[in-house]
Amino acid sequence: MREPDTRERRKHLVKALQREGLLRTQRITDAFMKVPREAFVPSYLSGHAYIDRPLPIGKGQTISAPHMVAIMCEELMLEPGLKVLEIGTGSGYHAAVVSRAILPGGRITTVEVVRELAERAKKALASISAHNVEVVIGDGSVGYPNNAPYDRIYYTCAAPGVPDTVMDQLDEGGILLSVEGPAHSTQRLIRYERGSGGEITKTPLTYCVFVPLVGKMGY
Ligand code: SAH
């Protein structure tokens, strides 16, 4: 059962992220307020859902910390109607926040390699009526060509780099966020933008630590 004060605790977290300058736009702030993070963490940890930390979700994986979700959502410049690809569903929380920020009209495809996590994420997403999210079970290290091209692509796990096969799924004017660096060490969030002429610009952003990408193009 959801505790009665969860909305208040969510508001508290959102205010803290605003004060830190991480939540900057109304659209992403509203999306954060609409997603109950406790629906995406194991029930024994629901009391910790509004602490700004990653939490274990089983299978050696974690739900991302809210500040990292905020940073990534703002960098993605989410707008209504966008087509988005997420590589690494995990709990489904990050996808849920993105799904709210791209309404109306937007759709997100999220790929998860661990079947059990994907199934759990599907249930959590259904429980909050996130109907514009498609959870795909498979190796997202090669992207998901079936729904390409995408306006936005982002990794929620650390990759050795972005292979052409994924970059080619990004539409003109699109933004791709990757996490690059050694597995189990400090990595860097990187933003790529594809210009209208197809050219790619690369901007390194903040340092971070994510679980490693596995699969064909992973570690
Ligand atoms: N953003 C998520 C956290 C994801 S953790 C959240 O909010 O909960 C990263 C996830 O990437 C893990 O669940 C891991 O299993 C998954 N992953 C790792 N390699 C993958 C691959 N090749 N394809 C799809 N998912 C992958």
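The values are calculated or read from the model by the stated rules, or taken from the named source; none is laboratory data. Just so we're clear, the structure is a prediction, and the values are computed from it rather than from any experiment. Here the Cβ positions follow ideal geometry from the backbone for every residue, glycine too, while neighbour counts run over all protein chains shown. Side chains included, ligands, DNA and RNA excluded: accessible areas come from the protein's heavy atoms. Shrake-Rupley method; radii C 1.70, N 1.55, O 1.52, S 1.80 Å.
Give the number of residues within the stretch 109-134 that are of a type in the set (Ser, Thr, Tyr) and within 13 Å of the ligand (Cβ to nearest atom).
From the stretch 109-134, those of a type in the set (Ser, Thr, Tyr) are 109-110, 127, 129; that's our starting set.
From the residues that got through so far, the ones that are within 13 Å of the ligand (Cβ to nearest atom) too are 109-110.
Of the residues in the stretch 109-134, 2 are of a type in the set (Ser, Thr, Tyr) and within 13 Å of the ligand (Cβ to nearest atom).
Among the residues of the stretch 107-120, are any of a type outside the set (Val, Ile, Thr) and farther than 27 Å from His184 by Cβ? Checked against the condition, which is being of a type outside the set (Val, Ile, Thr) and farther than 27 Å from His184 by Cβ, the stretch 107-120 yields at least one hit. So which pairs qualify, if the first residue must be in the stretch 109-121 and without any contact (Cβ under 8 Å) to a residue 40 or more places away in the chain, the second must be charged (D, E, K, R) and buried (at least 19 other Cβ atoms within 10 Å of the Cβ), the Cβ gap must be under 7 Å, and the two must be at least 6 apart or on different chains? Qualifying pairs under 7 Å: Thr110/Glu86; Ala118/Glu112. Among the criteria (1) in a loop (DSSP other than H, G, I, E, B); (2) free of Cβ contacts under 8 Å to residues at least 12 places away in the same chain; (3) among the aliphatic types (A, V, I, L, M), the one Ala126 does not fulfil is (1). The set of residues in the stretch 80-108 being open to solvent by 10 Å² or more (accessible area, probe 1.4 Å), more than 10 Å from the ligand (Cβ to nearest atom) and within 15 Å of the chain's Cα centre (by Cα) consists of Leu82, Lys83, Arg100, Arg107. Looking only at residues of the stretch 148-168 that are of a type outside the set (D, E, K, R) and open to solvent by 40 Å² or more (accessible area, probe 1.4 Å), we find that the one that is farthest from the ligand (Cβ to nearest atom) is Pro149. Screening Arg191 with (1) buried (at least 21 other Cβ atoms within 10 Å of the Cβ); (2) part of a strand (DSSP E or B); (3) in contact (Cβ under 8 Å) with a residue 60 or more places away in the chain gives one miss only, at (1).
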